[in-house]
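The values are calculated or read from the model by the stated rules, or taken from the named source; none is laboratory data. In this text the structure is predicted, and so the values were computed from the model without any measurement. Backbone-built Cβ (ideal geometry, glycine too); neighbour counts: all protein chains shown. Ligands, DNA and RNA are excluded from the accessible area calculation, which covers all protein heavy atoms including side chains. Shrake-Rupley method; radii C 1.70, N 1.55, O 1.52, S 1.80 Å.
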There are 4 protein chains.
Amino acid sequence: MPLITSDSQGVFVIAVTPFNENGSLDTNSIDRMVDFYYEKGADGLTILGMMGEAPKLTQAESIEVARQTLKRSGSRPVVVGVSAPGLAAIGELTKAVMDIGAAGVMVAPPSLLRTDDQIIGYYRNVVETVGSDVPVVLQDFPLSTGVQISSKTLGAIIEAHPSIVMVKHEDWPGLQKITDLREAEAKGRRRVSILCGNAGIFLPEEMQRGADGAMTGFPYPEMMVDVCRLSRDGRYEEAQDVFDAYLPLMRYEQQPGLGLAVRKYVLAKRGAIASAAQRRPGMALSAQAVAEVEKLIERQERKLEALT
Amino acid sequence: MPLITSDSQGVFVIAVTPFNENGSLDTNSIDRMVDFYYEKGADGLTILGMMGEAPKLTQAESIEVARQTLKRSGSRPVVVGVSAPGLAAIGELTKAVMDIGAAGVMVAPPSLLRTDDQIIGYYRNVVETVGSDVPVVLQDFPLSTGVQISSKTLGAIIEAHPSIVMVKHEDWPGLQKITDLREAEAKGRRRVSILCGNAGIFLPEEMQRGADGAMTGFPYPEMMVDVCRLSRDGRYEEAQDVFDAYLPLMRYEQQPGLGLAVRKYVLAKRGAIASAAQRRPGMALSAQAVAEVEKLIERQERKLEALT
Amino acid sequence: MPLITSDSQGVFVIAVTPFNENGSLDTNSIDRMVDFYYEKGADGLTILGMMGEAPKLTQAESIEVARQTLKRSGSRPVVVGVSAPGLAAIGELTKAVMDIGAAGVMVAPPSLLRTDDQIIGYYRNVVETVGSDVPVVLQDFPLSTGVQISSKTLGAIIEAHPSIVMVKHEDWPGLQKITDLREAEAKGRRRVSILCGNAGIFLPEEMQRGADGAMTGFPYPEMMVDVCRLSRDGRYEEAQDVFDAYLPLMRYEQQPGLGLAVRKYVLAKRGAIASAAQRRPGMALSAQAVAEVEKLIERQERKLEALT
Amino acid sequence: MPLITSDSQGVFVIAVTPFNENGSLDTNSIDRMVDFYYEKGADGLTILGMMGEAPKLTQAESIEVARQTLKRSGSRPVVVGVSAPGLAAIGELTKAVMDIGAAGVMVAPPSLLRTDDQIIGYYRNVVETVGSDVPVVLQDFPLSTGVQISSKTLGAIIEAHPSIVMVKHEDWPGLQKITDLREAEAKGRRRVSILCGNAGIFLPEEMQRGADGAMTGFPYPEMMVDVCRLSRDGRYEEAQDVFDAYLPLMRYEQQPGLGLAVRKYVLAKRGAIASAAQRRPGMALSAQAVAEVEKLIERQERKLEALT
């Protein structure tokens, strides 16, 4: 089974968790969804993240989702979100998913952390808990966690723990942090892979700043795939053209809370999952919101046609 | 002097405060900037808001900026931000600016408020402090204040205080709140004017949901003017076309903290102010960020040309 | 097996979780500790709360601790803390512990809740998740959760859900809330049991305001037992005399984070558990802190002697 | 006029601001209150702090209060709280009060600061704004500000700015921080004065850890005076005896928000101010709360008698 490394790149789609209308796990849709993501060009997946409704799953369900996704993914790397209020739960889930072939685990800091040393100490505890042989993705998402990690603090963590091989970058504003990381590497610090989240809303700039790819769940993974590929080839104008065509919907999908309803609506519409249902509690799309999304999709299709 | 009312509509530009490179107030640029905003079609201005670097001004400077802006604006309405940790300061500045012709004052809730009743009580105190004859804009901006005002709570405040004539709407997600307000009015609640902030990032949808216009500081006010005008005329597709052309830059300008540097950079570039300088403390644009902005502007101009 | 009801009263000690020096669960100490609490007069226990290091336990360990505590407690009621970021985990743990004889479960609101309706909606979801036949303790602890529940909102929740039979009261300041609850009951609202936390620091006033007892983990449960008993007998001066003798240590033990180290130090010193060790991460007592605690205990003993 | 220095010690009482029942400034009470504090043994005062209702004063009123307090204090040092959301207001008020004889200014960090470097940068800006000749008190009060300053960060600030001569210490838990500061000084770092707040609730331990005195507003300043004096003389048991006699009321007065009502009630009762009125918005004492306070005072007097 593949492990992520500090050289990992490309598009790791943040997968949703499919549910039936009654709130039960829709295991039938998992294979279909996994296939959909890879058909659209994903290099790997990330499951059980915030947008994967992970906190709504029991531990048994979490492992079931991981097992099925890993099996269907075959040799493709799958990262598993294991963030939890306590280290014991992180260790327990990490062991379970690494045993069945996960490529690494992703950990966001708990929201009570404040000082630099508290953040540094937290990741030391995480690495000790999961074991230094397990590749870790550090999720840097202050808008959601409330924890601000400066470039300096991030650097101290990276230097201390070689097993933290990847940063899920979604600080906002955060372009400078990518530049800071790459400049430190140019001066000798070990490399980390940087995959960008934040709903993809800064992907062209992030790629030019030195990111290695995307890790977000926009329901048109082909956008991320194309922007990353074109950027890596230095075809920045074309990358931006593709990005611009999707941006109106991307912006709409980035609304906190509501965004997941948009994402699942589009995935269901595209046939990737059977139902847009979220497990309770979740926000639903009003009729007006559905109309807005439909109009944005229609315009998006027109623009994409014009591009080709 | 004009006062804002619950029927106010159009574009109220959130004005920046121009500084010289040494951090002193650039009073020469104020007239030029005011003229620029009106030339681009603004219906009014809002000064001393968060993006106007208001907390960096002394009280004397605040009043000086207000006086000059009001004078130059002539018969156009100018709203003044008076948010402060204490009611006394709110009352003091409100009196000063209403005396010299402000059209109303804008108040965001202090970040300690939590329960619905605390929020309702706060606005009761505000209205009692400034006097019920002063038109008040309630700024609903949870991302910045941390205070979440539900539609129900907002309704209770509106019903209790006729002098709260306008909502600066920048909840995120917030489209449903516009719908909720308008539906309550359809059932008999008094009307409030809704002008939208949030950097303009949802303006087309907001106008279709029933907003009366925009109150934000995107440095191309003509975008807001056109989107609002076309939306009012029911020409939604054209409104969206204009919006889409500006969206990549708008998205870039929406970065918290950094956004003001982008905004002032563009305004200086467009000749509206002499310098992009911010008074300390402020974020500066790196060379890379400048290059990114320039490229976005260049692409934007190309798209606008294609539209006409 | 007994269930808690809205008439429950007395002292429910918040139990610590005993660990060995190496961080493993010290199951040997559990029986000893349970016996200690009951010997000192406890009417029941509450386990897996914040001060029970619950987030540091795996799910399997949590259930093991619950099973052993329940067995040793025999016919005494044991409440189990099941707070978690997601409803699924709450439901999963609730089912597990109710099946083996828990007297009820305790749920604190997740820290993201802000508006009154969000809080009300949350407890509706909790009751639906655990089932309306499971007695629930609502933990109202804003200092820790950041969620402020007004008396009005608390009342709406109590009215909606008869299965919420108890409030763990630790708002600060919070005396008025007890008065509000009891006044509403005098006017016809159904009764809830109110047991007070907050390290016991307001216990005499809380009992006089109408509380039914204490639910906190001060390592001298006999203090809570005596204060509650004397208060119920109307012997308020004597209750306050006992309280005052313990107050200097109680105040010291109330320090967030450090308090658990003090608590475990005293419990180990008193022979209730074998070791004061906390599972990582945890704060340790410095030599100076140990000296401070020892001096406070010494003075406390002298004062208690003088009382008798 | 005296300035505070890094050798300042003793008791600086946090003064309330007296208001008339109608909410206007009660300037008559200011002299009386100032005299009261000094008669009870205060070495200096601190005005316009959070508990001085500073945010409820207009700028003109703030300066008036400062002027009168300074005049009445004669050669005694008076520190003025100047915390504000923006540097300009801090600079403006600092200049005004230093010109009329303040001994220094006190600045708490604004609640948005998160990373160590943001905090360090903030105090650099403060010192540049007020001028390095103005003695500054750094108020370290995370419970209120939400900003956590580690010992390391505090050390970096102290090393960078000799004009920050004093720390108002009210971290919770915070005893270790005093030890950390003193240990760093033993190893060569320059000395800072440490005066303790937190309602005095840890004063005996703080003095033994190396604090120089108290800076809080407990309405029996003689408690602080005695505890500090006895502690400096090494008579720790007697210091603790005095402290213990006042502790039940001190604990009651420490309730956030409500505490100020208790404080003013006692000060009015003792004749230090004419009215316990707070300017709006403020919490009032219910009849039950008044009865509780009265009982605590009565018991306190009995205990003090027994001590002598």
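Within region B:74-87, the only residue that satisfies the criterion of being farther than 24 Å from D:Leu87 by Cα and open to solvent by less than 10 Å² (accessible area, probe 1.4 Å) is B:Val78.
Can you find, within region B:224-243, the residue that is nearest to the other protein chains (Cβ to nearest Cβ) among those that are in a helix (DSSP H, G or I) and without any contact (Cβ under 8 Å) to a residue 12 or more places away in the chain? Once the filter is applied, the top-ranked residue is B:Glu237.
Of the residues making up region C:9-22, at least one is of a type in the set (Phe, Trp, Tyr) and touching a strand residue (DSSP E or B) at 6+ places or on another chain (Cβ under 7 Å).
Taking region C:23-37, which residues are within 17 Å of C:Ala102 (Cβ to Cβ) and out of contact with any strand residue (DSSP E or B) (no Cβ under 6 Å at 6 or more places or on another chain)? Once the filter is applied, which keeps residues that are within 17 Å of C:Ala102 (Cβ to Cβ) and out of contact with any strand residue (DSSP E or B) (no Cβ under 6 Å at 6 or more places or on another chain), region C:23-37 yields C:Ile30, C:Val34.
Looking for whichever is more than 14 Å from chain C (Cβ to nearest Cβ) and assigned to a helix (DSSP H, G or I) here; the options are D:Glu159, D:Glu183. Which one fits?
From the options D:Glu159, D:Glu183, the qualifying one is D:Glu159.
Screening B:Gly257 on (1) within 8 Å of another protein chain (Cβ to nearest Cβ); (2) in contact (Cβ under 8 Å) with a residue 40 or more places away in the chain shows it passes everything except condition (2).
C:Gly271 meets the stated requirement of being farther than 30 Å from A:Tyr123 by Cβ, open to solvent by 10 Å² or more (accessible area, probe 1.4 Å), touching a residue at least 60 places away in the same chain (Cβ under 8 Å) and not acidic (Asp, Glu). Among the numbered conditions (1) more than 12 Å from chain A (Cβ to nearest Cβ); (2) crowded, with 24+ Cβ neighbours inside 10 Å, the only one that B:Val262 does not meet is (1). Take the conditions within 11 Å of chain C (Cβ to nearest Cβ), closer than 25 Å to C:Leu249 by Cβ and among the polar types (S, T, N, Q) and apply them to D:Gln288. Does it pass? So D:Gln288 does not fit the description; no. Listed conditions (1) assigned to a helix (DSSP H, G or I); (2) buried (at least 24 other Cβ atoms within 10 Å of the Cβ); (3) among the polar types (S, T, N, Q) are all met by D:Thr216, apart from (1).
The rows are residues; the columns are (1) more than 19 Å from the chain's Cα centre (by Cα); (2) without any contact (Cβ under 8 Å) to a residue 24 or more places away in the chain; (3) closer than 28 Å to A:Val262 by Cβ.
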| site | (1), (2), (3) |
| --- | --- |
| A:Glu39 | no, yes, yes |
| A:Ala42 | no, no, yes |
| A:Ser73 | no, no, yes |
| A:Arg76 | no, no, yes |
| A:Val80 | no, no, yes |
| A:Gly86 | yes, yes, no |
| A:Met98 | no, no, no |
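Answer with yes or no whether A:Pro204 is under 21 Å from A:Gln300 (Cβ atoms), within 14 Å of chain B (Cβ to nearest Cβ) and open to solvent by less than 10 Å² (accessible area, probe 1.4 Å). Considered against the rule, which asks whether it is under 21 Å from A:Gln300 (Cβ atoms), within 14 Å of chain B (Cβ to nearest Cβ) and open to solvent by less than 10 Å² (accessible area, probe 1.4 Å), A:Pro204 comes out as yes. Each residue in region B:88-126 was checked for being open to solvent by 20 Å² or more (accessible area, probe 1.4 Å), within 14 Å of chain C (Cβ to nearest Cβ) and acidic (Asp, Glu), and 1 of them qualify. Inspect all residues belonging to region A:162-174 and state whether any of them is more than 24 Å from D:Arg114 (Cα to Cα) and part of a strand (DSSP E or B). Yes, region A:162-174 has at least one match. Considering only residues that are touching a Leu at 6+ places or on another chain (Cβ under 8 Å) and farther than 27 Å from A:Ala284 by Cα, which ones fall in region B:138-194? Hits for region B:138-194 are B:Leu138, B:Ile164, B:Met166.
If the condition is being in contact (Cβ under 8 Å) with a residue 40 or more places away in the chain and either open to solvent by 20 Å² or more (accessible area, probe 1.4 Å) or touching a His at 6+ places or on another chain (Cβ under 7 Å) (or both), then region C:157-194 contributes C:Ala160, C:Arg190, C:Arg191.
Checking the stated criteria, D:Val167 turns out to be β-branched (Val, Ile, Thr), modelled with pLDDT of 95 or more and under 15 Å from the mean Cα position of the chain (by Cα). Within region B:291-304, does at least one residue satisfy the condition of being charged (D, E, K, R), away from chain A (no Cβ under 12 Å) and within 27 Å of A:Arg235 (Cα to Cα)? Yes, because at least one residue in region B:291-304 is charged (D, E, K, R), away from chain A (no Cβ under 12 Å) and within 27 Å of A:Arg235 (Cα to Cα). Inspect region A:110-129 for any residue being closer than 18 Å to A:Pro2 by Cβ and at pLDDT 95 or above and give the result as yes or no. No, region A:110-129 contains no residue that is closer than 18 Å to A:Pro2 by Cβ and at pLDDT 95 or above.
Looking across region D:57-69, the residues that are surrounded by 21 or more Cβ atoms within 10 Å (Cβ to Cβ) and either among the hydroxyl-bearing types (Ser, Thr, Tyr) or within 11 Å of another protein chain (Cβ to nearest Cβ) (or both) come down to D:Leu57, D:Ser62, D:Thr69. Taken over region A:229-257, the residue count meeting the criterion of being under 13 Å from A:Ala199 (Cα atoms) and open to solvent by less than 30 Å² (accessible area, probe 1.4 Å) is 10.
Assessment of region C:193-204 against the conditions (over 18 Å from the mean Cα position of the chain (by Cα) and assigned to a helix (DSSP H, G or I)) yields no matching residue. Consider region C:130-148 and keep the residues that are open to solvent by less than 40 Å² (accessible area, probe 1.4 Å) and in contact with a helix residue (DSSP H, G or I) (Cβ under 6 Å, 6 or more places away or on another chain). The one that is farthest from the other protein chains (Cβ to nearest Cβ) is C:Val134. Residues of region C:4-51 that are open to solvent by 30 Å² or more (accessible area, probe 1.4 Å), touching a Gly at 6+ places or on another chain (Cβ under 7 Å) and not in a loop (DSSP other than H, G, I, E, B): C:Met51 alone.
Yes/no matrix, rows are residues, columns are (1) over 18 Å from A:Ser163 (Cβ atoms); (2) small (Gly, Ala, Ser):
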position: A:Met1; (1), (2): no, no
position: A:Thr5; (1), (2): no, no
position: A:Gln9; (1), (2): yes, no
position: A:Asp26; (1), (2): yes, no
position: A:Gln68; (1), (2): yes, no
position: A:Gly74; (1), (2): yes, yes
position: A:Pro85; (1), (2): yes, no
position: A:Ala88; (1), (2): yes, yes
